[in-house]
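Okay, structure first, notes after.
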Amino acid sequence: MARRSLLFSPGDRPELMRKAPAAGADTVCFDLEDAVAPSERDTARAAVREVLSDPSFDPDCEVTVRVSVDAAADIDALLDGDQSIRLDGVMVPKVAEAADVSWIADLLDEHDAEPALLALVETARGVLRAEEIADAPATDALVFGAEDLAADIGATRTGEGTEVLHAREQVVLAASAAGVDAIDTVHTDYEDDAGLREATEFALQLGYDGKLAIHPAQVPIINDAFTPSPEQVEWAERVLDARDEAEADGRGVFSVDGEMIDAPLIAQAERVLERAAAGDDR
């Protein structure tokens, strides 16, 4: 399953939660943390549970919830009782060590629930421990949060993002080493299409699998950037076809379009076709 785009939707706005899947994101995330005032959290928990337990709410995207600092209360409110709910994943905020993911997994296990866990790395300690967080058995994805990280370390956010570039690369390296998804930070100006496109293309160059969205209008731009062009798909197909022919002939070396192909290029071709398939599925 691809996570090219992950769209946040406020947990206290049931009408927006129900509409969120129509934006076309691979993942929607109902937010019980930043998008909800602490005084409204009980109301938001009830609203999220109502949407997730509605049998008519069955979108063809991944449905997740970002829990708050009071994650135990959030999970109890969502999962207590006999009523079944649609919960494909849980995003854990401000993950600073592997134990922050493991204890959420234990809480979910008490409710006989096994959603995918997305670890949001958005503090200095979390970035420094990104490798152990990614390696935690329960972790299914690392999510990079640049805004909270900048606040945590006292950095000034800039359009170029050089102040968080090292951390951004650290998160994607840790995710890749552990074989889990890496999802890039938000582009906060949802009216800046050109800036979003540039930031998303750069995230792709860094090796990210997807990007966060805070507005439905951002989703098509993100999906487009993470969906290979027809020319890229054709190249990948030629590479894999040539690989199969070489293996059948007992050859370890082969070329495509005058270029010698090695293992990294084969892996790149496989990823291109995986992303293309994800775009076709949506």
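The values are calculated or read from the model by the stated rules, or taken from the named source; none is laboratory data. This structure is a prediction, so every number in the text was calculated from the model and none was measured. In this analysis, Cβ positions are derived from the backbone assuming ideal geometry, glycine residues included, and neighbour counts consider all displayed protein chains.
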Exercise. Scan 168, 197 and give me the residue that is under 16 Å from residue 146 (Cβ atoms) and among the basic types (Lys, Arg).
Key: 168
Quiz prompt | Test for residue 79: is it in contact with a Lys or Arg (Cβ under 9 Å, 6 or more places away or on another chain), closer than 18 Å to residue 143 by Cβ and either aliphatic (A, V, I, L, M) or not assigned by TED's automatic domain parsing to the domain that holds residue 166 (or both) | solution = no
Practice problem: Could you tell me which of the residues 6, 52, 87 is closer than 26 Å to residue 127 by Cβ, surrounded by 14 or more Cβ atoms within 10 Å (Cβ to Cβ) and at pLDDT 95 or above? | Solution: 6
Quiz item: Hey, which of the strands (runs of 3 or more DSSP E) in the range 167-282, taking only ones fully inside, have at least 3 residues that are among the basic types (Lys, Arg) and within 16 Å of the chain's Cα centre (by Cα)?
Solution: none
Quiz item: Restricting the range 132-145 to residues that are over 14 Å from the mean Cα position of the chain (by Cα) and crowded, with 17+ Cβ neighbours inside 10 Å, which is nearest to residue 76 (Cα to Cα)?
Solution: 138
